[in-house]
1. How would the range 2-121 be classified by its alpha-carbon gyration tensor: rounded, prolate or oblate, with rounded meaning a/c under 1.5 and the a/b versus b/c comparison settling the rest?
2. So how tilted is helix 188-200 from the main axis of the chain? Cα-based, degrees 0 to 90, rounded to 10.
3. For the chain, what is the percent of antiparallel DSSP beta bridges, rounded to the nearest 5?
4. List the lysines whose Cα lies under 29 Å from the Cα of Lys162, skipping any in the same chain that are fewer than 8 positions away.
5. Can you match Rg and Dmax of the Cα atoms in Å to one of these, [x] 19.2, 58; [y] 17.4, 54; [z] 17.7, 58, based on a calculation from the structure here?
6. Put +1 on the Cβ of every Lys and Arg and -1 on every Asp and Glu Cβ in the chain; which of Gln223, Ala151, Thr113 then has its Cα farthest towards the positive end of the dipole?
7. Please determine, in degrees from 0 to 90 and to the nearest 10, the orientation of helix 33-42 with respect to the longest principal axis defined by the Cα atoms of the chain, where the helix direction is its Cα long axis.
8. Tell me, what is the FRET efficiency for Arg195 and Ile108 to the nearest 0.05, using R0 = 45 angstrom and their Cβ-Cβ distance as r?
Amino acid sequence: MRILLVEDEVKAGEYLRKGLIESGFVVDWAQTGPDGLHLALHESYDLIILDVMLPLMDGWQLLEQLRKSHDTPVLFLTARDEIEDRVKGLELGADDYLVKPFAFTELIARVRTLLRRAPLREAELIQIADMQIDVLKRKVIRSGERVDLTAKEFALLHLLAKRCGEVLSRSLIASQIWDMNFDSDTNVVEVAVRRLRAKLDDPHAQKLIHTVRGMGYVLEDRQ
């Protein structure tokens, strides 16, 4: 599970990052609002732990921007215990709220609870143009015809479809689908995309998977 921690206090951030890693999570740490928002929008996370009081952009603003396009679960960490603040966070789309100081064991318990809920947030059916993806049955239909995919091909398509309209880098795809660090000498991503296109796009006039030169790949309906 991959977590984004957005916390400007160095001592607290180091403590939380170390504890989360020791608890088995992969953790990225941002120390400003803009840096946190950039990572949240351009990387893939299972959960975001977000401090409210941040430099340059506070947690409220970050969450408001994030919820325009992403439904990643968010746990607020804050020293502010006013009911109005908690209500505001929930209304903006936060999933839980933990007031400082707190016991690390409580944080881990809440993190695991949110992660158990997370799959329920994901769409069971994804419709893009004439393509329908049944996530639970792992079935893909294009123009009324079944498209048979391997497990990796389906995982690649699902990743692209979940982030429809967003350009995904080769390194992100490699880390998410193959759990590997991207090596510029490895063409595993290009080969996988080519095979997926052969099944999904080649039989149809309308193409859904597009290459963005120098950046990566995007799945979108351009008609």
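1. Numbers: a/c = 1.14, a/b = 1.09, b/c = 1.05.
Cα axes put the range 2-121 in the rounded bin.
2. Rounded to the nearest ten degrees, it is 60.
3. Values: 16 of 33 bridges.
Roughly 50 percent of the DSSP beta bridges within the chain come out antiparallel.
4. Lys68, Lys88, Lys137, Lys139, Lys152, Lys199, Lys207
5. After the calculation, the listed value that fits is [x].
6. Looking along the dipole axis, the top candidate is Ala151.
7. 20
8. Working: r = 40 Å, r/R0 = 0.89.
Plugging the Cβ-Cβ distance into 1/(1 + (r/R0)^6) gives 0.65.
No value in this document is a laboratory result; all are computed from the given coordinates. No experiment lies behind these values; they were computed from the predicted model shown. No Cβ is skipped: glycine too gets one built from the backbone with ideal geometry, and neighbour counts run over all protein chains shown.
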